[in-house]
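For reference, the structure is listed below as structure tokens.
Values in this text are rule-based calculations from the coordinates and carry no lab data. Everything numeric in this text was worked out from a predicted model, so none of it was measured. Using ideal geometry, Cβ is built from the backbone for each residue, glycine included, and neighbour counts are taken over all protein chains shown.
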Number of protein chains: 2
Amino acid sequence: MPETRSRTPAGQRILAAAEELFYDRGITAVGVDLIAEHSGLTKRTLYNQFGSKDHLVTAYLTERDQRWRALVRDTVDTCADPVEAVTAPFDALRTWSRTNTRGCAFINALAELPDPAHPAHRIAADQKHWLLNLFGELATAAGCAQPARLATRLLVLHEGALATQPLALDTLAESTGLARSLVRASLETGGLEGTQR
Amino acid sequence: MPETRSRTPAGQRILAAAEELFYDRGITAVGVDLIAEHSGLTKRTLYNQFGSKDHLVTAYLTERDQRWRALVRDTVDTCADPVEAVTAPFDALRTWSRTNTRGCAFINALAELPDPAHPAHRIAADQKHWLLNLFGELATAAGCAQPARLATRLLVLHEGALATQPLALDTLAESTGLARSLVRASLETGGLEGTQR
DNA sequence: CCAGAAGTACACTGATCTGTGAACCACCAG
DNA sequence: CTGGTGGTTCACAGATCAGTGTACTTCTGG
């Protein structure tokens with residue numbers, strides 16, 4: 001399989017062009033000829049490297065997922081305070097949003113690729129579960145009450161801010177503030193209103 | 001313009017088929033021939049009624065928006081208690097989700113139609129602003145503190161539950177619970193942790 | 001020097017896509 | 001009876017799509 005081989009320089013350039021075009025214009029709307037043209041390489045090289053458009057789409061999502069996870073990990077790691085670390089993914093999202101203004105690439109990909117058997121569905125589900133687990137681990141490490149429930153709520157806030165991003169409502173600041181409030185509340189003794197029911 | 005004329009029975013059937021196919025399989029992935037075939041009408045009639053695929057897409061989103069708003073309005077109106085009414089849109093979302101499992105049709109449409117000049121962008125933005133304003137009005141009517149801020153937070157929770165729906169994480173129950181907690185907290189005296197900062 | 005890998009140039013297939021033209025039919029109101 | 005509206009049938013144009021075949025070049029490691 002071509003996608004398991006280490007990427008050649010030409011393959012990397014094609015993948016970079018594909019990432020930009022797929023994210024900005026949508027997967028179905030972007031043809032392989034356009035990707036080849038934007039990358040400065042030929043369509044033949046694209047097919048020699050990736051085998052098919054579907055494989056290129058999968059590589060695009062995989063690469064993007066790795067870049068995003070690295071950013072989140074880095075942002076979390078720079079937090080000395082374990083309480084601040086719980087909401088660090090929201091800070092990472094702020095950084096990420098400066099250069100990615102078309103919402104979540106994975107939600108967008110699922111919108112265009114309805115077939116549940118497509119690898120994109122597994123990649124997207126894995127990513128969200130990864131973030132959910134990360135929230136859970138961070139909440140546990142910070143000593144939050146009911147870390148699993150808190151993690152789910154933080155995930156909803158995160159995805160909500162991401163989903164409403166293309167609408168220019170500036171929901172990120174509000175959801176980050178609410179996330180911090182939830183973490184703070186979960187550290188206080190007894191079941192507050194955020195934890196009951 | 002054909003889209004302003006009152007719809008003929010054939011036009012309604014075509015629009016119904018388009019709604020189902022566009023939502024389930026994506027807009028770009030569905031061709032006009034497929035819509036004609038599923039509706040039992042001809043492609044010629046489709047073009048006589050709607051003029052172009054773009055107009056049909058716009059009609060699809062408009063119709064869907066109206067159906068959804070009617071459901072939300074009805075759900076809100078059946079609430080005797082003004083406090084319960086604030087989170088009624090979350091109950092409407094639960095009903096809606098039973099037959100619409102592919103996330104938000106408008107977010108999905110924006111993913112496929114990157115051109116900001118496309119009417120879909122206006123329709124989607126209008127819908128989210130409508131919900132935001134509705135949350136604000138309901139919060140004010142219920143006597144919540146800082147209704148505008150609460151409305152934004154409720155919108156984020158709503159969209160977060162909707163965005164994560166295709167991932168089968170059952171985030172709707174959790175976000176609904178959190179929404180109720182926020183409303184409850186905003187009714188108690190003094191600035192709680194959910195309102196400060 | 002040579003073999004193989006990577007990339008180019010370019011023509012091409014077959015399928016699918018949106019959209020049109022034109023003749024035709026059925027029905028209903030005036 | 002007649003004209004118009006709504007719908008059908010079917011062929012077709014023109015563009016674009018994913019993907020292939022083949023011969024050529026260029027570079028590098030042994």
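Which whole-Hz couplings ³J(HN,Hα) result when phi for each residue of the range A:65-76 is put into the Karplus expression 6.51 cos²θ - 1.76 cosθ + 1.60, θ = phi - 60°, listed in order with x for Gly and Pro?
Once θ is set to phi - 60°, the couplings for the range A:65-76 become 4, 5, 4, 5, 4, 4, 5, 4, 4, 4, 5, 5 Hz.
Quick one: helix A:88-99 against the long Cα principal axis of chain A, what's the angle to the nearest 10°, folded into 0 to 90?
40
List, shortest first and in nm to one decimal, how far the label point of B:A10 (7 Å from Cα along Cα→Cβ) is from its counterparts in the other copies.
5.3
What length, rounded to one decimal in nm, is gained on full extension from B:A168 through to B:N133, with 0.36 nm per residue of separation minus their alpha-carbon distance?
Stretched fully, the B:A168-B:N133 segment lengthens by 9.7 nm.
Please report B:W130, A:W96, A:W68 as a ranked list, fewest other C-beta atoms within 10 angstrom at the top and most at the bottom.
B:W130, A:W96, A:W68
Quick one: label points 7 angstrom along Cα→Cβ at B:R94, distances to the other copies in nm, smallest first?
Nearest first, the other copies' label points are 3.5 nm away.
How big is the dipole moment of the protein assembly as shown about its Cα centre under a simple scheme where the beta carbon of each Lys and Arg is +1, that of each Asp and Glu is -1, and everything else is neutral? Debye, nearest 20, please.
Using Cβ point charges on Lys, Arg, Asp and Glu, the protein assembly as shown gives about 500 debye.
Counting partner chain Cβ atoms within 10 Å of every residue's Cβ in B:20-30, what's the average?
The per-residue average across the peptide is 3.
Of all the residues in chain A, which one has the C-beta that comes nearest the axis relating A to B, and what is the distance in Å?
Of all Cβ atoms in chain A, the one nearest the axis gives A:G160, 1.
Report, by chain and number, residues whose modeled amide H sits under 5 Å from the one on A:C79, excluding near sequence neighbours (fewer than 5 apart, same chain).
Placed amide hydrogens put nothing under 5 Å from A:C79.
Enumerate the lysines that B:K43 could reach by cross-link, defined here as Cα to Cα under 29 Å, with residues fewer than 8 away along the same chain left out.
Cross-link targets: B:K53.
With only Lys, Arg, Asp and Glu charged, each at its Cβ (+1 for the first two, -1 for the last two), find how big the charge dipole of the range A:57-197 is about the Cα centre; round to the nearest 20 debye.
120
Nearest 10 degrees is fine. How inclined is helix A:171-187 to the longest principal axis of chain A, computing both from alpha carbons?
That works out to roughly 40 degrees.
Estimate the FRET efficiency between A:S97 and A:D54 by the formula 1/(1 + (r/R0)^6), using the beta-carbon distance for r and 30 Å for R0, to the nearest 0.05.
0.60
With a 10 Å cut-off between alpha carbons and a GNM built on chain B, which of B:A29, B:A70, B:A163 moves the most?
Highest fluctuation among the options: B:A29.
Please arrange A:E174, A:E159 by counting, for each residue, the other beta carbons lying within 10 Å of its beta carbon, fewest first.
Going from sparsest to densest Cβ surroundings: A:E174, A:E159.
Please compute the average number of Cβ atoms from other chains found within 10 Å of each residue's Cβ in peptide A:96-103.
Across the residues of A:96-103, the mean count of other-chain Cβ atoms within 10 Å is 1.
Search the structure for amide H atoms under 5 Å from the amide H of A:H118, placed 1.01 Å from N in the peptide plane, and list their residues when 5 or more places away or on another chain.
none
Using the alpha-carbon atoms, what tilt in degrees (0 to 90, nearest 10) does helix A:119-142 show relative to the longest principal axis of chain A?
That works out to roughly 30 degrees.
Under 8 Å for C-alpha pairs, at least 6 residues apart: give me the relative contact order for chain A, rounded to a whole percent.
Relative contact order of chain A: 18 percent.
Report the calculated FRET efficiency for A:R44 and A:D77 (r = Cβ-Cβ distance, R0 = 51 Å), to the nearest 0.05.
0.75
Given only helices, namely DSSP H runs of n ≥ 4 each adding -39500 (n - 2.57), what is the per-residue ellipticity at 222 nm of chain B, to the nearest 500 deg cm²/dmol?
That calculation yields -23000 deg cm²/dmol at 222 nm.
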